[in-house]
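K.L.:
So that we are looking at the same thing, I have put the structure below in structure tokens.
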Amino acid sequence: MSLSSLRLVSQASFRQCLLAPSILLVSSRRGFQEVQEKKVAVVTGASRGVGYATAKELCNRLSSGHIYCTSRGATDHLNTIIKQEMGEKAPMVEFHHMEATDITSIIGLRNKIFNKHGQIDILINNAGMYFPPCDDPTEHFCQVENTLQINYWGLKNVCNAFLPMLSNTARIVNMSSHLGHLSLIPDKDIRRELGDPQLTEQQLDSLVLQYKNHCTAFHDDFRAAGWPRCAYTVSKVAVNAYTRVLQGQLEKRGNEYEGVVVNSIHPGSHHSKISQDSPLTAAEAAKSVVNTALLAHPCQHPRGKFIWHDLKIVNWDKGTSYAVGIGMSA
């Protein structure tokens, strides 16, 4: 089969997942289709930016449901603001305190949701942080530690806590970045390991720890070892790899999880600390995030993929730049 034919097949599969006839849809005033099925969703890191916009967009796109937004800070003012903005849909959304690096707070929220709903249908992992790379060895190590703790280990904490209560058609969306392309890792052997489709979770964890150890002020030899200075890049490459690993793990579990779909996405929105060309507004970026979170059941494709903000699949583990695999208009 030719490359063009493969793209047509992939595009048709993606469209089928986004607009599957098994889900009842009606036109909404926002120009998107409103999902009639009741959904329970969790959006981490939702206090501002694309996380906040995603919570609002999800609320607009669902006719009914419950959206639990998390923030590591105070939530009273956030609840007041978002409920005012959502109007008649205000009862659908609420903020709760949770830190991705604090397993106790994660389990506390998980248990609260479980006791009320029994399961969740959507998990959007947006919580994260970025530091401009620093030349000072001690400060750089602090950046590495903090970045990996929330962007990679924190994301895994949230996933591991909520995996047992996923519905059998749940969708997980892991927020990635244009800086999460494997070509940004200098060493070819490290790239080969991270990009291996057979990579295990334990091997991935080991590679992330290796990077951290090379970045300690005592060693400070990450460059010679083939790693980049930017911890954010390493964390987002690891998120893309983990997304594929997790999808594989769920599929191996069989019937209970075979309908669960995991993908990562570069939302394309402006980040105050990251330079990028033609950034979207947070509201524009949120539409693609929510489209990915609402992939309909059954969905054979995309699964375990890295999706660009224009809903094209990116081969993050191949090539040297943004490589388009399939696409559809947002």
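The values are calculated or read from the model by the stated rules, or taken from the named source; none is laboratory data. Remember, it's a predicted structure, so these values are computed and weren't measured experimentally. Ideal geometry is used to build each Cβ from the backbone, glycine not excepted, and the neighbour counts take in all protein chains shown. The area values use the complete protein model at the heavy-atom level, side chains included, leaving out ligands, DNA and RNA. Shrake-Rupley method; radii C 1.70, N 1.55, O 1.52, S 1.80 Å.
K.L.:
Determine whether the stretch 63-80 contains at least one residue that is buried (at least 21 other Cβ atoms within 10 Å of the Cβ), touching a Lys or Arg at 6+ places or on another chain (Cβ under 7 Å) and within 24 Å of residue 283 (Cα to Cα).
P.N.:
No: the stretch 63-80 contains no residue that is buried (at least 21 other Cβ atoms within 10 Å of the Cβ), touching a Lys or Arg at 6+ places or on another chain (Cβ under 7 Å) and within 24 Å of residue 283 (Cα to Cα).
K.L.:
Another question, if that's okay. May I ask you to say which residue of 329, 235, 269 is among the polar types (S, T, N, Q), open to solvent by less than 20 Å² (accessible area, probe 1.4 Å), touching a Leu at 6+ places or on another chain (Cβ under 9 Å) and at pLDDT below 95?
P.N.:
None of the others qualify; the one that does is 269.
K.L.:
Kindly indicate whether residue 57 is open to solvent by less than 10 Å² (accessible area, probe 1.4 Å), of a type in the set (D, E, K, R) and assigned to a helix (DSSP H, G or I). Talk me through it step by step, then tell me what you get.
P.N.:
Numbers: open to solvent by less than 10 Å² (accessible area, probe 1.4 Å): yes; of a type in the set (D, E, K, R): yes; assigned to a helix (DSSP H, G or I): yes.
In short, yes.
K.L.:
In the set 114, 131, 95, which member is aromatic (Phe, Trp, Tyr), farther than 30 Å from residue 223 by Cβ, open to solvent by 30 Å² or more (accessible area, probe 1.4 Å) and in contact (Cβ under 8 Å) with a residue 24 or more places away in the chain?
P.N.:
On the way: 131 fails: farther than 30 Å from residue 223 by Cβ; 95 fails: open to solvent by 30 Å² or more (accessible area, probe 1.4 Å).
On inspection, the qualifying residue turns out to be 114.
K.L.:
Go through the stretch 100-111 residue by residue and tally those that are open to solvent by 50 Å² or more (accessible area, probe 1.4 Å) and touching a Gly at 6+ places or on another chain (Cβ under 8 Å).
P.N.:
1
K.L.:
Being touching a residue at least 40 places away in the same chain (Cβ under 8 Å), surrounded by 16 or more Cβ atoms within 10 Å (Cβ to Cβ) and not in a helix (DSSP H, G or I), is that true of even one residue in the stretch 145-165?
P.N.:
Scanning the stretch 145-165, I find no residue that is touching a residue at least 40 places away in the same chain (Cβ under 8 Å), surrounded by 16 or more Cβ atoms within 10 Å (Cβ to Cβ) and not in a helix (DSSP H, G or I), so the answer is no.
K.L.:
Still on this structure: Of all residues in the stretch 171-210, which are hydrophobic (A, V, I, L, M, F, W, C) and surrounded by fewer than 16 Cβ atoms within 10 Å (Cβ to Cβ)? Steps first, please.
P.N.:
First pass over the stretch 171-210, keeping only residues hydrophobic (A, V, I, L, M, F, W, C): 172-173, 175, 179, 182, 184-185, 190, 194, 199, 204, 207-209.
209, the sole residue that qualifies.
K.L.:
Residue by residue through the stretch 191-236, note down the ones that are outside any helix (DSSP H, G or I) and touching a Phe, Trp or Tyr at 6+ places or on another chain (Cβ under 6 Å). Break it down into steps so the answer makes sense when it comes.
P.N.:
Going residue by residue through the stretch 191-236, those that are outside any helix (DSSP H, G or I) are 195-200, 215-230.
Residues satisfying the conditions are 215, 216, 217, 227.
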